[in-house]
Amino acid sequence: MNQAVSTQAPLAPQTVHLKDYQPPAFLINQVELNFKLEPSATLVTSLLHLQRNPAHPDGRAPLVLDGQQLKLLSVEVDGQPLAASDYQVTENHLTLPQPPAEFVLQTQVEIDPANNTALEGLYLSSGNFCTQCEAEGFRRITYYLDRPDVLARFTTRIEADKEAFPVLLSNGNPTEKGELDKGKHYVIWEDPFPKPCYLFALVGGDLHPVKDSYTTSSGRKVALEIWVEKENLHKCDHALESLKKAMRWDEDTYGREYDLDIYMIVAVNDFNMGAMENKGLNIFNSACVLADPKSETDMAFHRVESVVAHEYFHNWSGNRVTCRDWFQLSLKEGFTVFRDQQFSADQHSPAVERIQHVALLRTAQFAEDASPTAHPVRPDSYIEINNFYTLTVYEKGSEVVRMLSELVGWDTFRKGSDLYFERFDGQAVTVEDFVNCMAEVSGLNLDQFLIWYSQAGTPQVKAEGRYDAEQKTFTLTLKQETPPTPGQKDKQPLLIPIKMGLVSRTGHPLPLEIDGEFHGTETVLQLNKAEQSFTFHHLESEPLPSLLRGFSAPVKLSYAYSKEDLAFLLQHDPDGFNRWDAGQQLALTTLQELISAQQQGQDLELDPLLINTWKQLLEGQPEDPLMLAELLQLPSEAYIAEQYECVDIDAIHIARDYARKTLATALYPEFLRLYHLYTSDQPWSAEAQQLAARRLKNTCLSFLVVTDAAEALQLAEQQFQQADNMTDQQAALTCLAHAENNQPGDAALQAFARQWARDPLVMDTWFSIQVTRPHPDALDRVKALLEHPAFSMKNPNKVRAVLGAFAGQNRHNFHRRDGAGYQLLANAVIELNKTNPQIASRLVLPLTRFQKLDDFRKGKMKEALERIQQEKLSPDLYEVIQKALV
Ligand code: PHE
Ligand code: ZN
């Protein structure tokens, strides 16, 4: 037996380039895995049926298998043990220099799941075995061609102690099980669909199922199972209902049916991401699957529904048709996010869904575009692929697919999608393959459109309108420009669809006539040059343009509206999204005036136009309470910061805080009236009307409480104590805990912790509420919470709840001038670099966003980064820090 464990020093991290893609030298037809599960010494035996790939240019290329942190015990070719001279083992590879053209390779390795804190490969979470293989985790389980374009059929035998691990799951269908000596048992699973190894999954533990079934439209019965820890069995109904809805929806909307006899979801507490679409065996972060109204908010319910749907939709967009290489990640992610957004829009209010996605995109994704880690939807190089599971790949990727669907129209898009799934079923393909299907079915030339995938940065569109009273024409001039991003200085003009209409000054949509052609009252202009003009005819008076309706392209569009114009559009724009956006722009402009006043040392005075506009919104019986709640969100500090080349953290915070308080004080009676109007003593229900009522009521409460009125605090305390659901309880707690006077808040926090100490997901919110407290004591509280017994650096949800929430949602405290916020984050990153590089590399990102800050803060941030750089860095952090400090 060969005990080779490499002691070679790791190489400097290597950059992988898209342009270097080569097909694999070998194909794997069949994989037989055998696991003997032991927490600190699991044995993995693998049989690979290998064959030279005729598509590879070099017919004599060696076989190079990936492998990391594996203890190699034996290697056999066609049943014959190999001599040590017949293969090489290094830190990351097992190489057979001269293998036969077709053969069976058997390897046996030992791995240590109990010490796997990176949560990639096979690891233990709350005592249960689970796996995470995307993107390159499978190589931590066994030697393999760990790349998405190698598709194989998997058979998995799992053996374990029966008492500790009564449930043993893997992909596909169970085909055999039995008892063994010494209290052991085994199960064999067979997955009939060839798949890349990133979709492999295994679970072993003391888990309990909630079971149901689903009959597909062609009449096949599918068993549905959600596996959780016993105490969470009551939290599975919502995920199950969501799954069935998603299955039906994909049949109705995309004609896609499920293809195995069983679909399983497993909830685990320690997970780096939200969830994973492993074939037939999804593994979920428990935060994205468990939901009970007593302990989870409406927002959590929504998240569960959309993540369950997202992972389910991957069964076609990702699993049946997968990615050729990891540069194509958005092929599955952008398309699947688009599909889950369509699904959510069909379940709820389409306008509000759109608003929330856009709000995320144009703060966080736009900020990514403007940062040192900016990259195209399809990156062209990476050091660590884990760093590319980003808002750009996911959210902007979805926007690109959305634009495509708008350009070709839904029916044609659906035809293109059918063609794509049919033509590439069982294959690993590229972004071009997808776009070409759309070009083929639509007859459109989409060459220019493809630039959206390769060009990084947020395009800026400057729009100008000129009304000619004599000619009765309105000319709209659009100019596009994409600012340079790292490594991409010169940008090309994109094809930008601008959905728009014209509104008369009396509030009516106007017919659009361009060059003698009639377009109804709404059209999509195709901006495809650096500058273009469009002239609208037969307009009796000067119209107001309503541009980029529904956010038809992921761009920054500017138009010189007056505040009165914006208030008018807020009332009259026929497009729900644009009404909201007009309100946002009005608030933004008003806030920017306050920011300037603050910077010039003047007294702050809120423009009464904003107060009066809001007053009108709050009066009477709201038509759409959910939408009203959106209209009452002031632009976030992050979004305000997006507008500036040079960001004044303090002025932004002071101005926004002042505006909130002023609105709350001026409109106190209105907020109070609506609060009572939407407070009911009916028991909780998931129904849309109730959900909207909760959201509006809690929005009103948050304004009432910022006035510090004793009555408002009392209302919050009362709601906190009487709530029968987490949405109301948490909203009230947040109001109390964020009030300047910390007495009632601290009392409520203590009571809450007593009530929920045993529920880790609720404790995550308890942590987050405290670290987002907007007052100067926030940082000290974060420090104290890091020492709290319920906190653990080993649990990604806790790290996100405390450190992620502080750095991401408590901007002005994170950016304290003394740099204490930066130091705190740097310390955590240094610790996590040793245990969980993927989480470390995400957590560090706020420290890389210093480009638009003042020199003093810039200096403090770079100091923090340089301190991290002194460490022995994982490739993940190495890549991010090196990009930030160039
Ligand atoms: N592929 C998963 C999803 O988007 C995300 C994921 C990536 C999970 C990498 C774990 C690791 O649905
Ligand atoms: Zn996904």
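Points worth noting:
- Only a single item in (1) away from ligand 1 (no atom under 13 Å from the Cβ); (2) farther than 20 Å from Lys195 by Cα; (3) in a helix (DSSP H, G or I); (4) in contact (Cβ under 8 Å) with a residue 12 or more places away in the chain is not met by Glu241, and it is number (4).
- Residue in the range 378-388 that is of a type in the set (Gly, Ala, Ser), touching a strand residue (DSSP E or B) at 6+ places or on another chain (Cβ under 7 Å) and over 19 Å from Val435 (Cβ atoms) present: yes
- Test: residue in the range 480-498 that is aliphatic (A, V, I, L, M), over 28 Å from the mean Cα position of the chain (by Cα) and either modelled with pLDDT under 95 or farther than 30 Å from Ala884 by Cβ (or both): no
- Count of residues meeting criterion [assigned to a loop (DSSP other than H, G, I, E, B) and more than 9 Å from ligand 2 (Cβ to nearest atom)] in the range 293-340: 11
- Residues in the range 527-565 that are of a type in the set (S, T, N, Q), surrounded by fewer than 19 Cβ atoms within 10 Å (Cβ to Cβ) and over 15 Å from Thr477 (Cβ atoms): Ser541, Ser562.
- Checking the range 254-261 against the condition returns no match, with no residue being at pLDDT 95 or above and near ligand 1 (Cβ under 10 Å from one of its atoms).
- Residue in the range 840-847 that is assigned to a helix (DSSP H, G or I), of a type outside the set (A, V, I, L, M, F, W, C) and in contact with a Phe, Trp or Tyr (Cβ under 8 Å, 6 or more places away or on another chain) present: yes
- Within the range 69-85, the set of residues being closer than 18 Å to Leu47 by Cα and either in a strand (DSSP E or B) or not aliphatic (A, V, I, L, M) (or both) comprises Lys71, Leu72, Leu73, Ser74, Val75, Glu76, Val77, Asp78, Gly79, Gln80, Pro81.
- Out of Lys852, Lys794, one residue alone is out of contact with any Ser or Thr (no Cβ under 9 Å at 6 or more places or on another chain) and in a loop (DSSP other than H, G, I, E, B). It is Lys852.
- The set of residues in the range 358-396 being within 16 Å of ligand 1 (Cβ to nearest atom) and free of Cβ contacts under 8 Å to residues at least 40 places away in the same chain consists of Leu360, Thr390, Leu391.
- Neighbours by Cβ (under 7 Å, 6+ apart or cross-chain): first from the range 316-341, on the phi > 0 side of the Ramachandran plot; second near ligand 1 (Cβ under 10 Å from one of its atoms): Gly318/Glu277; Gly318/Lys332; Gly318/Thr336
- Annotation for the range 273-280: no member residue is of a type in the set (A, V, I, L, M, F, W, C) and away from ligand 2 (no atom under 12 Å from the Cβ).
- All of (1) under 17 Å from Val31 (Cβ atoms); (2) surrounded by fewer than 19 Cβ atoms within 10 Å (Cβ to Cβ); (3) of a type outside the set (D, E, K, R) hold for Thr131 with one exception: (2).
- Filter result (of a type outside the set (D, E, K, R), part of a strand (DSSP E or B) and surrounded by 15 or more Cβ atoms within 10 Å (Cβ to Cβ)) within the range 494-514: Ile496, Pro497, Ile498, Met500, Gly501, Leu502, Val503, Pro509, Leu510
- Helices (runs of 4 or more DSSP H) lying entirely in the range 377-493 (those with 3 or more residues that are within 16 Å of ligand 2 (Cβ to nearest atom)): 397-408
- Residue match in the range 103-110 (condition: modelled with pLDDT of 95 or more, under 26 Å from Glu229 (Cβ atoms) and more than 16 Å from ligand 2 (Cβ to nearest atom)): no
- Restricting the range 316-331 to residues that are surrounded by fewer than 24 Cβ atoms within 10 Å (Cβ to Cβ) and within 12 Å of ligand 1 (Cβ to nearest atom), the residue that is nearest to Pro194 (Cα to Cα): Asn319
- The residue list Ala739, Ala655, Ala712, Ala686 contains one member that is part of a loop (DSSP other than H, G, I, E, B) and crowded, with 20+ Cβ neighbours inside 10 Å, which is Ala739.
- Some residue of the range 870-884 being touching a Phe, Trp or Tyr at 6+ places or on another chain (Cβ under 9 Å), farther than 30 Å from Gln69 by Cα and among the small types (Gly, Ala, Ser): no
- Of the residues making up the range 332-349, those that are buried (at least 20 other Cβ atoms within 10 Å of the Cβ) and charged (D, E, K, R) are Lys332, Glu333, Arg339, Asp340.
- Scope the range 278-287; condition buried (at least 24 other Cβ atoms within 10 Å of the Cβ) and outside any strand (DSSP E or B); matching residues: Asn278, Lys279, Gly280, Ala287
- Residue match in the range 253-267 (condition: within 16 Å of ligand 2 (Cβ to nearest atom), of a type in the set (Gly, Ala, Ser) and surrounded by 23 or more Cβ atoms within 10 Å (Cβ to Cβ)): no
- Comparison of Leu233, Leu224 shows that the only residue that is modelled with pLDDT of 95 or more and under 23 Å from Leu124 (Cα atoms) is Leu233.
- Subset of the range 180-203 (residues that are without any contact (Cβ under 8 Å) to a residue 40 or more places away in the chain and farther than 21 Å from Asp149 by Cα): Leu180, Asp181, Lys182, Gly183, Lys184, His185, Tyr186, Val187, Ile188, Trp189
- Residue in the range 420-437 that is at pLDDT 95 or above and within 16 Å of ligand 1 (Cβ to nearest atom) present: yes
- With respect to (1) under 31 Å from the mean Cα position of the chain (by Cα); (2) at pLDDT below 95, the lone exception for Cys735 is condition (2).
The values are calculated or read from the model by the stated rules, or taken from the named source; none is laboratory data. Because the structure is predicted, anything quoted here is derived from the model rather than measured. Reconstructed Cβ throughout: ideal geometry from the backbone, glycine too, with neighbour counts over all protein chains shown.
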